[in-house]
1. Can you name the residue in segment 47-77 that is buried (at least 18 other Cβ atoms within 10 Å of the Cβ) and either in contact (Cβ under 8 Å) with a residue 60 or more places away in the chain or acidic (D, E) (or both) and is also nearest to W109 (Cα to Cα) among such residues?
2. Taking E46, is it out of contact with any strand residue (DSSP E or B) (no Cβ under 8 Å at 6 or more places or on another chain) and either among the hydroxyl-bearing types (S, T, Y) or more than 16 Å from V186 (Cβ to Cβ) (or both)?
3. Where in segment 1-88 are there helices (runs of 4 or more DSSP H), lying fully within it, with 3 or more residues that are within 19 Å of the chain's Cα centre (by Cα), among the β-branched types (V, I, T) and at pLDDT 95 or above?
4. Which residues, counting only those in segment 142-169, are in a helix (DSSP H, G or I), free of Cβ contacts under 8 Å to residues at least 24 places away in the same chain and farther than 14 Å from T81 by Cα?
5. So how many residues does segment 124-159 have that are of a type in the set (K, R) and surrounded by 14 or more Cβ atoms within 10 Å (Cβ to Cβ)?
6. If you go through segment 9-39 one residue at a time, how many are touching a residue at least 24 places away in the same chain (Cβ under 8 Å) and hydroxyl-bearing (S, T, Y)?
Amino acid sequence: MIYLSKGIVKENSTEHLLQVARCGQEYSLSGEQAVLWLNGRFGFSEVKTESEKRTLKHLARMGLAETGAENTDVARYRILTQCVCCPAINAKPEIFLSRAEKEILMWLWNAGLRLTVAEIIFLREHKIRPEPRYLHAENRQALVEAIYTKNTIADNCLEQIMECAECRDETIRILLGLLKKKKLIVL
C-alpha cells in the first residue's frame, strides 16, 4: 500500500510530538503515526507491516494521508487527484528549477483558482502556457473555459481523460520533485 501525507507541520512540533495542520484542524501525532506521516511528507511511501497499514488507515480517516493499494503510476496519479497541491511560501530562489517546474509553479501561484492535478496535466497536454490572459482572478473564467468543454465538464470526466494523457507521468514526476524541493505542500 502506497501513500502520500497531507498537511503542514506546525512550528511547535517536537521530536516526540508532531503537530500537523490541515484544513483548519490541528492534529498531534506521535510514535508510528508521526513516523509514517513524515515518511510520506515529501513523496510517496509504502507501508509494509499490518501495524503500519492499520496506522495508515487511521491517518487516512483523519484526512492526513491519501492511499492506494498498488505501487503504480496510475495509483500515484489517482492519489494526487485526491490532493490539493499548493505552492509553498518559500524565500529560497528558484534558480535551480527546470522550465517545466517553473511553469507549473507559475500556474499554481497565479491561476486565480486552485488547480487540480488533472487540470495541470490538461494544461501541459494541450500546451497552454501561463499567459496573462489566463492568470489571476480577473481571468479565471478564460482559464476555466480553456480547460472545461462539453467533453470535460462532467463530474470526474477530466480526471478520467487525463489518466491516459501522454504527459501524465512526467507531470506527476515534476509535481513530486517540487514537493521534495519544498516548493509545494499537499493538502
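1. Y77
2. no
3. Of the helices (runs of 4 or more DSSP H) lying wholly inside segment 1-88, those with at least 3 residues that are within 19 Å of the chain's Cα centre (by Cα), among the β-branched types (V, I, T) and at pLDDT 95 or above span 73-81.
4. A142, E145, A146
5. Adding up the residues that qualify gives 2.
6. Total meeting the criteria: 1.
The values are calculated or read from the model by the stated rules, or taken from the named source; none is laboratory data. Since the structure is predicted, the reported quantities are computational estimates derived from the model, not experimental observations. With ideal geometry, Cβ positions are generated from the backbone for all residues, glycine too; neighbour counts draw on all protein chains shown.
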